[in-house]
Amino acid sequence: MQQASSISAYQQARRPPSAAAAPARLQVSDLSHAFVTADGVSTRIFERLNFHIGPSEIMSIVGRSGAGKTTLFNLISGLLNPQHGAVTVGPRDNGMPGRIAYMLQKDLLLPWRSVLQNALLGIELHRAVTPADVERAKDMLARYGLGAVAHAYPHALSGGMRQRVALTRTLLVDPTLVLLDEPFSALDYETRLMLEDDVMTLRDSYGTSVVLVTHDIEEAIAMSDRVIVLGGRPACIEQDIPIELTLTGQRNAVSAREAPEFREYHARIWAALRGPVAHQGKGVV
Amino acid sequence: MSNALAVETIRVGRRRAIKLPSPSSVIRAGSVAALCLGLLTLWQIAASHHWINGQLFGSPLGIYNAAYSGLTQGTLASDTLITLYETLAGLAIGSLLGTGLGLLLWFLPALAGLAEGFSILLNSIPKIALGPLIIIWFGSGAGSKIWLAAISTFAVAMISSTAAAREIDRDLLNLFRSFQAKRSMIFRKLILPSALPWIFSTLRVNIGFALIGSVVGEYIASQAGLGHEVFVAGSLFDLNTVWLGVIILTLMATLLTFIVQLIEERIVSWKPKR
C-alpha cells in the first residue's frame, strides 16, 4: 500500500537519532491535491501543505466547512492517494512501522455484532484474534464503563456509549496516531466533555498522537497542544497556534476551558476563521 | 467520569424466552377463523338448498369428500409432496444462483451495471411464457417444473442482492479500508451480513413465484403434482377437487413463509425487535 512505501521513504529521510528529538508520528510534505469535477474542471483543494505531528501530541485542525478537512484525513489515512507530495507515517519508538486509526462522527458500529465483537473488528480484519486480544478488549470496554454491555448489540446503547465502543475499536489496533473527524459533534455536551477527557487520558497513558478535525473552537483549544487553522482556496495553513494554558491542577476538558488564556485563543482562532488573514508563514510549519 | 454512563439503564440483548401471542393477536386470529367458518357454512347452506349450482361452485362438504378420497387413495399426499419438492428445489436453485451471482458482482463493479440491466430485462420476461420451451428442453417430469420455478425466482434474487451489495454505506467501506481489510474480508464481514435481511425478504417474495412456476409447469405438461390434479379436475368440472388443490397450495405457501420467517429470526437475531 501507499503507506508502506511512504514509511520506508520516511526512514531514509530520517536524520541520525542523535540529531533531533524523537521522529514525527506523521510528516506531511508538499501535499497538493485537486478534484476533477464531472465537467472536467479541476479544483485545487490543497497547495503544498507542510506539517508534522510529534509523539504524544494532540493537534487540532479547524477550518470553515468546505476547507477540505475531511479530504485531508482521507489523504493521511491512505483512503486517497495524494497527487503530489507525501504523507509519511513515522515508526514506533522500537522501530516497528507506525499505524494510523481513523474515527468518524458516525460510530459505524456493525449492528449484527455485539459490542465486544465490534471492538475487536479492527484486529480481526488483519489477523486472527487471540484470547489475549479479547481480554484486552474487555479491559478497555470496562474502563470506558461498557463492561456490563460487552455482549449487548449496539442498538441497545446510547449515542455516547456507542461512540466509546468506536473509540475502543480504534484504540485496540494499537495506533501511533489517531485521526478524529468531528467524532463527538453529535453528542450532548456532558458526554462530549467525558470523551474529550478520554482522548487526553489516552495520550497521557499510551503516548498516542492525535489529530482532531473539528469546527468547535472550544473543543480544539481545550484538547490540543497545537491548533492549525486551514483556510483559503486552495487551502493552506493560515495559522499554527501552540496552545499553552495556565492550569492549577490536571488538564482536563473542564479545567482547560477555565484557563485564563482560553478566551484569548478563542478570539484569535475565531478571527482567523472569519477574515482573510495575511498568509503569514504560508503553508510552512 | 464513567459513572453517569454506568448507571444508565440499557436493554441487554439476551436470548428471548418463548414468545406468547399477545391477546390482541389471539382475538384477531379468532375473528378471522370465525369469519371463514361463517362463510363456509353460508356456502354449504346455499349449495345444499340449490341456491347456487353445486356443480359450478363446489361446496365445503364436496371439498371434504374430495380430500377424504384423495387421502385414502394416497394421491393427495404424493401430489402435494411432488409439488412441494419442485417448489423447494426451484426456490433453492433460483435464489442461490441469483443471490450468489448478485453478491459476487460486488467484486466486479465494471460488470455490475451490465449484469443488473440484464437481470432487469430477464425479470421483465413473463417467465410462464417460457413454459413450453422449458418443457421441451427438460421433459414433462419434475425437472422442467424445478427449472421453471428456478427461472421465476432467479432474477428477483439477483436484482435485490446486487442492490444490497451496492447500497453499503460508503463510510462503512472506508472504515474497513482504513483498517486495511482485504476485499475478501470486506465481502465476508461487511457485504454478506448486511445483505442478509435483503436476502430473506427476497426469499419470502420468491416463495410465491416458485409456487407459480411449479404449478403452471404442471398445468402445461405433467403426470403428477397438485397443478396436474387441479388442471385435470378443472377440465372434468370437478370443482371440489380444484378448490382442494387451491387450499393446499395456499397452506403450503403460508407454511413456507412461516418457516423462512423462523429461520430469519434465528439468523438475523441482532435486529431490534419492534
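Coordinate-derived values only; no laboratory data. Nothing here was measured: the structure is a model prediction, and the numbers come from that model. No Cβ is skipped: glycine too gets one built from the backbone with ideal geometry, and neighbour counts run over all protein chains shown.
Using the crude model of +1 on Lys and Arg Cβ and -1 on Asp and Glu Cβ, and no other charge, please compute the dipole size for chain B relative to its Cα centre, in debye to 20.
Approximately 1380 debye in magnitude.
With loop defined by DSSP as not H, G, I, E or B, and exposure as at most 15 other Cβ atoms within 10 Å, which is the longest segment of chain B clear of exposed GluC sites (Glu not before Pro)?
Values: sites that count: B:E8, B:E167.
Value returned for the longest uninterrupted segment is B:9-166.
Considering every residue in B:176-185, what mean count of other chain Cβ atoms within 10 Å of its Cβ is obtained? Walk me through the numbers before you get to the answer.
Details: counts 5, 7, 15, 12, 10, 5, 2, 0, 0, 3.
Rounded to a whole number, the mean comes out at 6.
For A:G85, which sequence-distant residues (separation of 5 or more, or a different chain) have an amide H within less than 5 Å of its own amide H, given hydrogens modelled in the peptide plane?
Here the answer is A:S32, since their amide H atoms fall under 5 Å of that of A:G85.
By per-residue mean of other Cβ atoms within 10 Å, what is the highest-first order of B:151-157, A:213-219, B:26-32?
B:151-157, A:213-219, B:26-32
For segment A:159-285, state the semi-axes of the equivalent ellipsoid (square roots of 5 times the eigenvalues of the alpha-carbon gyration tensor), sorted largest first and rounded to whole angstrom.
25, 18, 14
So what is the 222 nm mean residue ellipticity for chain B from helices alone, if each DSSP H run of at least 4 adds -39500 (n - 2.57) and you divide by all residues, rounding to the nearest 500 deg cm²/dmol?
That comes out to -25000 deg cm²/dmol.
If the elastic network links every pair of Cα atoms under 10 Å, which of A:L230, A:L212, A:L121 fluctuates the most in the Gaussian network model of chain A?
Checking each option, the largest mean-square fluctuation is seen for A:L121.
Among the aspartates and glutamates, which have Cα under 12 Å from the Cα of A:K138 when same-chain residues fewer than 8 positions away are ignored?
Cα-Cα hits under 12 Å: none found.
Equivalent ellipsoid semi-axes for segment B:82-262, as square roots of 5 times the alpha carbon gyration tensor eigenvalues: give them largest first, rounded to whole Å.
Values: eigenvalues 284, 57, 24 Å².
Calculated on Cα positions only, the semi-axes equal 38, 17, 11 Å.
Given Cα positions, please report Rg to Rh for the protein assembly as shown, the hydrodynamic radius being the Kirkwood one.
Using only Cα positions, Rg/Rh for the protein assembly as shown is 1.14.
From the backbone phi of segment A:234-245, what are the Karplus-calculated ³J(HN,Hα) couplings (6.51 cos²θ - 1.76 cosθ + 1.60, θ = phi - 60°) in whole Hz, Gly and Pro given as x?
These are the phi-based 3J(HN,Hα) values: x, 5, 9, 7, 7, 8, 10, 10, x, 9, 10, 10 Hz.
When a footprinting reagent is the concern and you count Cβ atoms within 10 Å, what order do A:M194, B:M252 take, fewest first?
On the way: A:M194 22, B:M252 19.
If I rank by nearby Cβ atoms, fewest first, I get B:M252, A:M194.
Calculate the dipole size of segment B:107-199 relative to its Cα centre from +1 charges on Lys and Arg beta carbons and -1 charges on Asp and Glu beta carbons; express the result in debye to the nearest 20.
For this selection, approximately 280 debye.
How big, in percent, is the set of alpha carbon pairs in segment B:192-247 lying more than 19 Å apart?
The share of Cα pairs beyond 19 Å in segment B:192-247 comes to 43 percent.
Can you pull the one-decimal nm distance between simple spin-label points at B:Q261 and A:L79, each 7 Å off the Cα toward Cβ?
Taking the simple label geometry, B:Q261 and A:L79 are separated by 4.0 nm.
How long are the three semi-axes of the equivalent ellipsoid of segment A:103-185, in whole Å, if each is the root of 5 times an eigenvalue of the C-alpha gyration tensor, listed from largest down?
18, 16, 11
Pairs of Cα atoms under 8 Å, at least six residues apart: use those to get the relative contact order of chain A, whole percent.
Values: 526 pairs, mean separation 67.0, N = 285.
Contact order relative to length: 23 percent.
About the Cα centre, and with charges only on the beta carbon of Lys, Arg (+1) and Asp, Glu (-1), how big is the dipole of chain A? Nearest 20 debye, please.
Dipole size: approximately 580 debye.
Please list, in order along segment A:205-215, the HN-Hα scalar couplings obtained from phi with the Karplus expression 6.51 cos²θ - 1.76 cosθ + 1.60 (θ = phi - 60°), rounded to whole Hz, x for Gly and Pro.
Values per residue, Gly and Pro as x: 8, 10, x, 6, 8, 9, 10, 10, 9, 8, 9 Hz.
Who wins for biggest fluctuation among A:I123, A:I237, A:I53 in a Gaussian network model of chain A, springs between alpha carbons below 10 Å?
With Cα springs under 10 Å in chain A, the top fluctuation among A:I123, A:I237, A:I53 is at A:I123.
Please report, in cubic angstrom per residue, the volume enclosed by the convex hull of the alpha-carbon atoms of chain A.
156 Å³
Which whole-Hz ³J(HN,Hα) couplings does segment B:210-215 yield from phi under the Karplus relation 6.51 cos²θ - 1.76 cosθ + 1.60, θ = phi - 60°, glycine and proline marked x?
5, 5, 4, x, 5, 5
Given the options A:P55, A:P23, A:P111, state which has the largest fluctuation in a GNM of chain A using a 10 Å cut-off (strictly under) for Cα springs.
Most flexible of the set in this elastic network: A:P111.
Which listed residue (B:S24, B:L190, B:G62) has the Cα farthest towards the positive end of the charge dipole for the protein assembly as shown, taking +1 on Lys and Arg C-beta and -1 on Asp and Glu C-beta about the Cα centre?
The residue sitting most towards the positive pole is B:L190.
Between A:A186 and A:D30, how high is the FRET efficiency from 1/(1 + (r/R0)^6) when r is the Cβ-Cβ distance and R₀ = 45 Å? Nearest 0.05.
0.85
Work out the mean other chain Cβ neighbour count within 10 Å for the residues of A:120-127 and drop it here as an integer.
Across the residues of A:120-127, the mean count of other-chain Cβ atoms within 10 Å is 4.
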